[in-house]
Amino acid sequence: MNKTPFLIVSSLLLLSCVHPDGARSKLETKPQASLQLLNAQPNSIPSFEEKNGMVVIEAEHFAAQVKADIRRWYRFDKSSAVKHGLQDTDLPHPEGASGAAYIEVLPDTRTNHSEELQHGVNFSASPGMLGILSYPVYINQSGRYYIWARAYSTGSEDNGLHIGINGLWPASAQRLQLCTGKNQWTWSSAQRSPANHCGSPLSLWIDIAQPGQHLLSVSMREDGFELDKIILTNNPDFTPLGIGPSETVYNAEPMPLKARYTDIYEYDFILSSADLFVANNASQHAIYHDKARDVLAINAGKTEVRDNFFRASYVVDTKIMKGIDKRHYNNATLVTLAEIDGESRYRVLLNDRLLGEFQNPATARDYQEVYFPLDDFRLRSGDVLSVEIMAVTNGKIPENGGTAYARGRWRGIVLK
Ligand SMILES: [Ca+2]
Ligand SMILES: [Ca+2]
Ligand SMILES: [Ca+2]
């Protein structure tokens, strides 16, 4: 008696599966669709990669913030509240910000020289003390990278920032400063120095000795700093304009979806028909390895091998398949391939015991996997697992004056 195959005629999602004859196949199943969703899912916070000598980062895309109890970076965009409740001296500046967002380190309690300078509170001469942000960056080319930052300064005490790498704060990357370009988004690559408080372009850099994963950091020097975007470039001739280049986000290639045993989600062992099962003497002329599908099948081109069962067997070897004898298989599955030209028949035997007898369902899509549950069993070394297959025709596909035959294709037995 035939058992009903499972997971096969699921109509949960009928996705873009139109058969050449125009009929919609109902064999498309939910798992493929959900896997595709998984693959398409972006990380909520991007990582960055150096591409062609440049790393471009939206400042608001920091991965983490620490030492944020005294001063903290806040994200601003057009929807941010003007009355955000923290002390500040100017309104938010989302207009013209790259990515329509930026960050500001608040509260801002020192906006001019008349307001008290509090070391470690509204000012940090040392880097890595207040409002530390991190950005994972994959660097392909080692070398010197000049630092550019896009910032918005409205006063004299909101225009200093420290940059670090891998937990260190090299002297060459401290005290980013911008003096010109007040009251607008402005690029700077200048380092403040005792001799030149405004610094000169390209005086700020980090040296990266080794390619690979690095962690870029930013920390507060002056509160009220508004930071839109960061660029690392190994090109001293590069000067960003406007909002600058697009972010160099690290994008992994999509993972290939599994093409076999697609609806099998857990298993102990898979016994592949093509790898493990051998046609017995009486079946050798009928059974062949369908290399395109990598499955065993019947060579139904020979009329004499049609409409009869032929057998291939696997002798259980517990030395090679270690642990295969250690459990009871109460969820084992025969995996076959449905074919449009016939509903092939199958029998599975353990030694002389029949574990199941099945027939493929009709299908509109060739080689769709079908899953048949087997009766419970255990395996011991020397046991013989056999699968018998029969090529049949459903009379639907004309071929050579007759009709085409399905070939009894089967992929394997899944042990669970
Ligand atoms: Ca300030
Ligand atoms: Ca402000
Ligand atoms: Ca931005």
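A few notes on this one:
- Test for Trp205: is it under 19 Å from Met54 (Cα atoms) and of a type in the set (Phe, Trp, Tyr): yes
- Pairs, first in the same structural domain as Asp383 (by TED's automatic domain parsing) in segment 258-286, second part of a loop (DSSP other than H, G, I, E, B) and modelled with pLDDT under 95, C-beta under 6 Å, six or more apart: Asp263/Leu7
- If only residues of segment 61-75 that are in a loop (DSSP other than H, G, I, E, B) and closer than 22 Å to Ser246 by Cβ are counted, the one that is nearest to ligand 1 (Cβ to nearest atom) is Phe62.
- Out of Ser153, Ser188, Ser114, sole residue that is of a type in the set (Gly, Ala, Ser), within 14 Å of Glu222 (Cβ to Cβ) and either within 14 Å of ligand 1 (Cβ to nearest atom) or not assigned by TED's automatic domain parsing to the domain that holds Arg75 (or both): Ser153
- Among the strands (runs of 3 or more DSSP E) confined to segment 282-365, the ones with at least 2 residues that are of a type in the set (Ser, Thr, Tyr) and out of contact with any Lys or Arg (no Cβ under 7 Å at 6 or more places or on another chain) are located at 309-315.
- Index of the failed condition, Val305 passing every other in (1) within 27 Å of Ala404 (Cα to Cα); (2) in contact with a Leu (Cβ under 7 Å, 6 or more places away or on another chain); (3) crowded, with 18+ Cβ neighbours inside 10 Å; (4) of a type outside the set (Ser, Thr, Tyr): (2)
- Note on segment 242-257: among residues that are over 30 Å from Ala100 (Cα atoms) and in contact (Cβ under 8 Å) with a residue 40 or more places away in the chain, the one that is surrounded by the fewest Cβ atoms within 10 Å (Cβ to Cβ) is Met255.
- For Gly382, the conditions (1) surrounded by 15 or more Cβ atoms within 10 Å (Cβ to Cβ); (2) at positive phi; (3) of a type in the set (Gly, Ala, Ser) all hold with the exception of (1).
The values are calculated or read from the model by the stated rules, or taken from the named source; none is laboratory data. Please read these numbers as outputs of a predicted model, since none were measured by experiment. Glycine gets a Cβ as well: all are built from the backbone with ideal geometry, and neighbour counts include every protein chain shown.
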